[in-house]
Amino acid sequence: MTSQVDQSEAVDGPDGEGPAASARSGPGRPAKPIRRLDRVIIRFAGDSGDGMQLTGDRFTSETAAFGNDLSTLPNFPAEIRAPAGTLPGVSSFQLHFADHDILTPGDAPDVLVAMNPAALKANLPDLPAGAEIIVNTDEFTKRALAKVGYAASPLEDGSLEAFRLHPVPLTALTLEALKDSGLARKDAERAKNMFALGLLSWMYHRPTHGTELFLRQKFAKKPQIAEANVTAFRAGWNFGETTEDFAVSYEVPPAKLAPGTYRNISGNLALSYGLVAAGERSGLPVFLGSYPITPASDILHELSRHKNFGVRTFQAEDEIAGIGAALGAAFGGALGVTTTSGPGVALKSETIGLAVSLELPLVIVDIQRGGPSTGLPTKTEQADLLQAMFGRNGEAPVPIVAPATPAECFTAALDAARIALTYRTPVFLLSDGYLANGSEPWKLPEVDELPDLRVEFATEPNGPDGAFRPYQRDPHTLARPWAVPGTPGLEHRIGGIEKQDGTGNISYDPANHDFMVRTRQAKVDNIVVPDVEVDDPSGEARVLVLGWGSTYGPITAAVRRVRADGGRVAQAHLRHLNPFPANLGAVLERYEKVIVPEMNLGQLALLLRAEYLVDAQSYNQVRGLPFKAAQLADVLHAALGSLDAEETR
Amino acid sequence: MTDFPALRLVPKADGPQSAKDFKTDQEVRWCPGCGDYAILAAVQSFMPELGIRRENTVFVSGIGCSSRFPYYMNTYGMHSIHGRAPAIATGLAASRPDLSVWVVTGDGDALSIGGNHLIHALRRNVNLKILLFNNRIYGLTKGQYSPTSEVGKITKSTPMGSLDAPFNPLSLALGAEATFVARTIDSDRQHLQSVLRAAARHEGTALVEIYQNCNIFNDGAFEILKEPGTRDEALIRLEHGQPVLVGADRHVVRGADGELRIAPRSEGTAIVHDAHAAGPSTAFALTRLADADTLHHTPIGVLRDVDRPVYDALMAEQLTRAEQQQGRGDLAALLAGSSTWTVDA
């Protein structure tokens, strides 16, 4: 059972009647049949100026409020306003929602909403036969068609026969609905995305109260625009209910999730909250030094809104200053954080090395995007693993934490802070563009049960004759004392030059350097991370699929498919890439074949081969998009098949 | 005793301190005869005057000969990486208003690899005191020309003479919206300490350029400003509220075109130095009087010292205001947001 705490008990449609009620038995209106589905994949696509991301976000919020499980995939160009009506300018938002636990935004859309010919053309190859297509016919002008290379309108030449096409004059209908709004045509036209949202909301029985509330808040200073959007939204809903073209509506019942209170959350928001929570649980002020970069800027924006948690955000002059300021704050006893993407990490490398040498806590968040160089700023990739692992001069080990899902970004941030504070080390948190912008339901944690991250600053001299030795380590963690300025008697100087063990004084002694290099490595190697869990229900699998980061969703979905077909495959997913879990070597040894799917050219596989001398098989894709479950299922089937073939030979 | 408004939030020392309190047990390893020794001794004997707790003082440096400085100061200190000290110190000062934070840097560190951080620290007006040791040469890498070397400088990397025009660090600082700009010389302890005193009093970023002799790779670079026979004519000693005089019989006047120039005392009226002038143009014009090659007519003293809101204070004020307006953050409420749903058991 679900209920909306922010909404009235009844799930009201725009006309004040519950959609379920009106559709099932609504008096005075002919009831349309309702078809029950267990899951649906919808893709909204349009020009980058058409508001598709907002439309998708709203549909997602309605769906979360309804209690479905969900997963989203926003996909947009790097240009803020790409040329209108062109293929590169298409922006889309895909949403998968279900009455059961799902893991990915879905391989192929069941429904495509195409706001113009470019959106249709760009997305058509992804559609399976039988999919529904809702197009805005008003945009299918000769000129717009020609712009994307359509000689004839695909709406009329029979090329879409394999699909269920719904031609809807969305622009005209929106303008008609808003003819009394007093808005100029251009402004009124912009509400067509809300008309489309209203129509889809009717089709899938989404609660609408939240969207109306959202629109009124968003345009609080422009009430005329707010009302126009609400009117267009309601008009879209009513259009679905009255027009004969839409004969059926669909119901996807709420998912049976574990008991608890849920919200929908994106990866970057979860990560931001994780950092705020780390500040609260450690009792340290958070200091974020950052420079804007896609797709990490949202974290800077979000944290800058939480000054009442004592969070300081510093938009620096460059990436280097961002991490420099964070490290300076860490020296002063703050929880220092810097957020960036791959190109920013490259610039921060020297300071990360300094943090390794100073042995101060620092969280480095890398929201990976397509590389190298500027690469694909708005697309996802996981090709920074080796940069995080090795991208510094000298032996400069840095622990690496990687969340597997958007909601997991919250716990990953807390975990990265835990390691940084406990071991006095910089820590990499590797998220990616897919996790950052994707969203899913998140069961709210009990705040009191979050990890206790409190630290003890050094307060007393620890050496002979009342001296303070800044590099005298804790025998268990090998962490050095954190003595912050303002503490009497512990004045000390640290720097990037090699230090004498214990005293921290400059030392060029060969044996000391060898010892310090090995000790810094040992400190990271000995970090306590949980064992990797293996999911192998049959207990007889001979193939292990091992992933890390955002590939968790598609890998898990693929594993389910293979098992549904009777295949035996074991699955494990790494949340810690440095150090690896202590049981990883033993796990790898148990399987005849180890498949490692990655959105890079085999970076984890390289590490596994080097560390464990295991013949890990890479499966790679660097298309700026997440894997599809079907694609990975094929890979696993093939791996199982090749084992069988070897036996029969 | 001097009042230091910029140190208002820094805890006071329990009792009087001496220069000895600020010395560490580390052997000083600059070349014998280096100008850095004089600066170190001047700073160590000046610090007690601040009357603040030693443990609330931090020296942050970058890379270069000058950047070894923190190792010899018995305070908290960080010897960081090339050019980044202003950025690191900004994070420290912005999060710890109870500290007195000093940056020690050189002409290569501050003006070449770290130029970006220097100008942004100046425009932000973070509560930092930046001591820029300018020896017009790269010392630690053994003698290449620096961004303050004169054009045509013959060095290991420029056997036929350097091609690039130098920075005038004070012109640069004024252009970067600096609120405090001063210059002094390593060998003149009394003047050096008077400038440090003014810098310590200033609220916000203070840039103090210290002409420092590198006796190994650029010996005598500032000799004209030090030699009893030449210094009186070469130096322009600036004192707030005093006429700007040059040597025994000349002074600085404003010409009909508005430009500053040096004229015989018999011609015109000397301008009166106003370090607190709202606009930076006269200060800038003063920095341009010096000959870039010979340093003839070099102004020393406090060129500019004006009030502007301080970055760290503004940042702290925003945090206070956020808490007043929204209340202290409630983590559970933040996590829940405005739209949740409940799944019953």
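The values are calculated or read from the model by the stated rules, or taken from the named source; none is laboratory data. Since the structure is predicted, the reported quantities are computational estimates derived from the model, not experimental observations. Reconstructed Cβ throughout: ideal geometry from the backbone, glycine too, with neighbour counts over all protein chains shown. Please note that ligands, DNA and RNA were not included when accessible areas were found on the heavy atoms of the full protein model with its side chains. Shrake-Rupley method; radii C 1.70, N 1.55, O 1.52, S 1.80 Å.
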### Message
Suppose all protein chains stay in the model; what accessible area per residue would a 1.4 Å probe give for chain B, in Å²?
### Response
41 Å²
### Summary
Judged on accessible area alone, 1.4 Å probe, highest first, A:S159, B:S149 line up as A:S159, B:S149
### Message
Suppose a student asked you for the relative contact order of chain B, using Cα pairs under 8 Å spaced at least 6 residues apart; what percent would you report?
### Response
15 percent
### Message
Quick check on the protein assembly as shown: of the DSSP beta bridges with both residues there, what percent are antiparallel, nearest 5%?
### Response
40 percent
### Query
For chain B, what is the percent of antiparallel DSSP beta bridges, rounded to the nearest 5?
35 percent
### Summary
Of the candidates B:A89, B:F180, A:G182, the farthest towards the positive dipole end of the protein assembly as shown (Lys/Arg Cβ +1, Asp/Glu Cβ -1, centred on the Cα centre) is B:F180
### Task
In nm, give the distance between the simple-model label positions of A:T137 and B:R308, each being 7 Å from the Cα along the Cα-to-Cβ direction.
6.2 nm
### Message
Taking R0 as 35 Å, what FRET efficiency do you get between A:A162 and A:T374 from their Cβ-Cβ distance, rounded to the nearest 0.05?
### Response
0.35
### Task
Give me a single rounded figure for B:51-62: the average over its residues of other chain Cβ atoms within 10 Å of their Cβ.
3
### Query
Roughly how many Å is it from the Cα centre of the range B:82-128 to that of the range A:467-487, as a whole number?
26 Å
### Message
If I model a spin label as a point 7 Å beyond the Cα along the Cα-Cβ vector, how far apart are those points for A:Q521 and B:T230 in nm?
### Response
5.5 nm
### Task
Mind checking B:321-330 for the average number of partner chain beta-carbons within 10 Å of each residue's beta-carbon?
4
### Query
With the Cα gyration tensor of the range A:19-251 giving a ≥ b ≥ c as the square roots of its eigenvalues, does the rule (a/c under 1.5 for rounded; else a/b larger than b/c for prolate; else oblate) give rounded, prolate or oblate?
rounded
### Summary
Within chain B, excluding any trypsin sites (Lys or Arg not before Pro) found in a DSSP loop (not H, G, I, E or B) and having at most 16 other Cβ atoms within 10 Å, the longest uninterrupted segment runs B:30-141
## Note on the structure
Rounded to the nearest 0.05, FRET efficiency between B:Y37 and B:R8 (Cβ-Cβ, R0 30 Å) equals 0.40
### Query
With the Cα gyration tensor of the range A:263-446 giving a ≥ b ≥ c as the square roots of its eigenvalues, does the rule (a/c under 1.5 for rounded; else a/b larger than b/c for prolate; else oblate) give rounded, prolate or oblate?
rounded
### Message
If you average 1/r across every pair of different Cα atoms in chain A and take the reciprocal, what Kirkwood value do you get, in Å?
### Response
26.7 Å
### Query
Over the range A:19-251, what percent of the accessible surface lies on carbon and sulfur atoms, probe 1.4 Å?
53 percent
#### Entry: A:L362 long-range amide H proximity, modeled H, under 5 Å
A:T425, A:V427
### Query
Which percent of the accessible heavy-atom area of chain B goes to carbon and sulfur, probe 1.4 angstrom?
52 percent
### Whole-number accessible area per residue in Å² for the range A:64-103, which is evaluated in the context of all protein chains at 1.4 Å
34 Å²
### Message
I need the chymotrypsin sites (Phe, Trp or Tyr not before Pro) found in the range A:489-576, filtered to DSSP loop residues with at most 15 other beta carbons within 10 Å of theirs.
### Response
A:Y508
### Query
What relative contact order, as a whole-number percentage, does the range A:19-251 give when Cα pairs under 8 Å and 6 or more residues apart are counted?
21 percent
### Task
For the range A:263-446, give the percent of accessible area contributed by carbon and sulfur heavy atoms, probe 1.4 Å, rounded to a whole number.
51 percent
### Task
For the range A:169-324, report the accessible area per residue in Å² (1.4 Å probe, heavy atoms, rounded to an integer).
36 Å²
### Cα pair distances of the range B:229-330 binned at 5 Å [whole percent]
2, 12, 18, 18, 12, 7, 5, 5, 5, 5, 4, 4, 2, 1, 0
#### Entry: Inter-chain shielding of A:266-273 (mean C-beta neighbours from other protein chains, 10 Å cut-off)
1
### Task
Starting from the Cα of B:K156, step 7 Å along the direction of its Cβ; do the same at A:T261; then give the gap between the two resulting points in nm.
6.7 nm
#### Entry: Rounded to the nearest 20 debye, dipole of the protein assembly as shown from Cβ charges on Lys, Arg, Asp, Glu
1240 debye
## Note on the structure
So the FRET efficiency between A:D101 and A:Q315, C-beta based with R0 = 45 Å and rounded to 0.05, is 0.70
### Query
Of A:K192/A:K348; A:K32/A:K379; A:K218/A:K443, which sit over 32 Å apart, Cα to Cα?
A:K192/A:K348; A:K32/A:K379
### Message
What does the buried accessible surface come to for B and A, summed over both chains, with the probe at 1.4 Å? Round to 100 Å².
### Response
5700 Å²
